[in-house]
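Down below is the structure, laid out as structure tokens.
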Amino acid sequence: MNTKKSACVFCMTFLLLSGGGFLLCLFQPEAEYLYSERRLPAPAPVLSADAVKSGRFMKDFDAYAVDAFPFRENFRRIKAVTAGKIFARRDNNGVYVADGYISSMEYPMNEESLEYAAERFRYVCRKYLTDKNKVYLSVIPDKNCFLAEESGHLSMDYAEFERQMAAKLDAAEYIPVSDLLELEDYYKTDPHWRQEKITDVAERLAQSMNTELSRDYKSHTLEQDFYGAYYGQAALPLAPDEIQYMTTEATDSCTVYDWQNRKEIPVYDLKKAAGRDPYEMFLSGSLSLVTIKNPAKADKSLVIFRDSFGSGIAPLLVSGYSQITLVDIRYIHPDYLGQFMEFGDSDVLFLYSTLVLNHSDTIR
């Protein structure tokens with residue numbers, strides 16, 4: 001009898017949990033945006049005979065159900081804590097925490113990716129540049145360079161990475177910056193470097209390119225906390241970062257034009273600082289083509305082919321140039337550049353992080 005009662009209780013509990021979960025899925029408001037993962041949720045699939053026959057409906061429904069599951073963020077956190085604390089996993093879906101820093105594992109070095117990136121850069125040089133242009137290259141190490149090996153995670157040979165990249169783009173003068181960087185120069189919850197920590201990097205780039213920068217920086221701190229891109233991926237209860245940004249007379253007086261959206265933008269967009277990704281406050285984030293003009297500087301111009309790391313350092317270089325153009329060929333094909341800009345006798349800097357160079361299929 002006790003066995004029968006136990007079985008009934010178990011069945012009723014299962015039905016209540018299943019039914020309750022179904023009702024929650026059915027009636028809870030759908031999230032418009034997954035803030036922790038910086039993406040839109042998968043949309044509900046459209047039911048059709050073709051979709052069912054091809055298997056596309058169930059695949060799309062699976063993605064939708066995962067994103068719409070009740071208390072999704074709570075379960076993600078439980079899973080992450082359990083993986084690390086109970087099962088002693090060194091990472092959770094490729095993301096790990098060490099010394100209070102969150103990072104994504106970057107291993108191994110992809111030589112084919114380096115060659116592809118170098119070929120795209122060589123294509124730009126062949127198509128647009130002449131003997132009047134001085135060409136430079138600098139590689140920004142991701143924070144695994146300073147974190148992975150000591151914490152027991154797989155790590156690339158970053159010195160070899162830089163050597164190979166410099167050799168593949170031998171027409172450019174290589175400017176090393178790794179020796180100026182350390183773990184504390186990066187955000188704890190985000191892959192990017194901290195602008196207030198890289199004034200020495202900007203100084204070296206400027207000196208190597210034969211220009212001088214103003215050192216009269218004023219530091220400003222955002223009031224709101226910054227939870228970076230890795231925070232959502234880690235799904236762990238960790239302390240937020242703070243964002244500081246640096247201004248000079250040059251950043252206060254310059255103008256910035258966003259060619260992608262055909263409008264002027266601020267150097268530091270404080271509206272975006274309060275938005276989904278506060279790091280986008282630096283030159284409005286990942287834009288394909290941006291021109292900064294500094295009216296107080298004599299005629300010396302620079303073109304930076306860059307990824308998102310370039311948004312943080314470009315404002316520090318403004319005082320050394322009359323014009324800086326930032327180009328992100330992940331979002332605009334090089335063939336279109338001639339419609340918007342002229343290279344003239346500008347210096348050209350290819351400034352990319354190892355995160356992009358090791359996965360360069362995003363470069364057009």
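The values are calculated or read from the model by the stated rules, or taken from the named source; none is laboratory data. If you're wondering where the values come from, they're calculated on a predicted model, not measured in any experiment. Here the Cβ positions follow ideal geometry from the backbone for every residue, glycine too, while neighbour counts run over all protein chains shown. Surface accessibility is based on the protein's heavy atoms, side chains included, excluding ligands, DNA and RNA. Shrake-Rupley method; radii C 1.70, N 1.55, O 1.52, S 1.80 Å.
Taking the criterion of being charged (D, E, K, R), assigned to a helix (DSSP H, G or I) and either at pLDDT below 95 or open to solvent by 30 Å² or more (accessible area, probe 1.4 Å) (or both), would at least one residue in region 99-107 satisfy it?
no
So the check is Cβ under 6 Å with 6+ separation or different chains; which pairs have a first residue in region 170-192 that's free of Cβ contacts under 8 Å to residues at least 40 places away in the same chain and a second one that's of a type in the set (Lys, Arg) and not in a loop (DSSP other than H, G, I, E, B)?
What qualifies is 185/197.
Pull up region 332-364, narrow it to residues that are touching a helix residue (DSSP H, G or I) at 6+ places or on another chain (Cβ under 9 Å) and of a type in the set (Ser, Thr, Tyr), then point me to the one that is surrounded by the fewest Cβ atoms within 10 Å (Cβ to Cβ).
Among them, the one singled out is 362.
Can you tell me which residue within region 174-203, out of those that are over 13 Å from the mean Cα position of the chain (by Cα) and not in a helix (DSSP H, G or I), is surrounded by the fewest Cβ atoms within 10 Å (Cβ to Cβ)?
Within region 174-203, the match that is surrounded by the fewest Cβ atoms within 10 Å (Cβ to Cβ) is 182.
Kindly establish whether residue 264 is at pLDDT below 95, more than 23 Å from residue 192 (Cα to Cα), open to solvent by 80 Å² or more (accessible area, probe 1.4 Å) and not aliphatic (A, V, I, L, M).
So residue 264 fails the test.
Taking into account only those residues within region 287-343 that are charged (D, E, K, R) and out of contact with any Leu (no Cβ under 8 Å at 6 or more places or on another chain), which is modelled with the lowest pLDDT?
Checked region 287-343; the qualifying residue modelled with the lowest pLDDT is 297.
Return yes or no: is residue 164 touching a Pro at 6+ places or on another chain (Cβ under 9 Å), surrounded by 14 or more Cβ atoms within 10 Å (Cβ to Cβ), within 20 Å of residue 352 (Cα to Cα) and touching a residue at least 40 places away in the same chain (Cβ under 8 Å)?
When the stated conditions are applied, residue 164 does not pass them.
Quick check on this structure: which one of 206, 229 is touching a residue at least 24 places away in the same chain (Cβ under 8 Å) and open to solvent by less than 20 Å² (accessible area, probe 1.4 Å)?
206
Just to verify a result, which residue in region 325-348, among those that are touching a Ser or Thr at 6+ places or on another chain (Cβ under 7 Å) and aliphatic (A, V, I, L, M), is nearest to residue 204 (Cα to Cα)?
341
Restricting to region 130-148, and then to whatever is of a type in the set (A, V, I, L, M) and touching a Ser or Thr at 6+ places or on another chain (Cβ under 9 Å), can you tell me which residue is farthest from residue 177 (Cα to Cα)?
The residue in question is 148.
Which of the residues belonging to region 268-295 are of a type in the set (A, V, I, L, M), touching a helix residue (DSSP H, G or I) at 6+ places or on another chain (Cβ under 7 Å) and either open to solvent by 10 Å² or more (accessible area, probe 1.4 Å) or within 16 Å of residue 222 (Cα to Cα) (or both)?
If the condition is that a residue be of a type in the set (A, V, I, L, M), touching a helix residue (DSSP H, G or I) at 6+ places or on another chain (Cβ under 7 Å) and either open to solvent by 10 Å² or more (accessible area, probe 1.4 Å) or within 16 Å of residue 222 (Cα to Cα) (or both), then 270, 273, 281, 283 are the ones that fit.
Could you tell me whether any residue of region 109-131 is in a loop (DSSP other than H, G, I, E, B), on the phi < 0 side of the Ramachandran plot and of a type in the set (Val, Ile, Thr)?
yes
Before we move on, is residue 346 farther than 13 Å from residue 124 by Cβ and not acidic (Asp, Glu)?
Here the answer is no, as residue 346 does not meet what is asked.
Does residue 215 meet the test of being out of contact with any Lys or Arg (no Cβ under 8 Å at 6 or more places or on another chain), within 24 Å of residue 302 (Cβ to Cβ), surrounded by fewer than 17 Cβ atoms within 10 Å (Cβ to Cβ) and basic (Lys, Arg)?
Yes: the conditions hold for residue 215.
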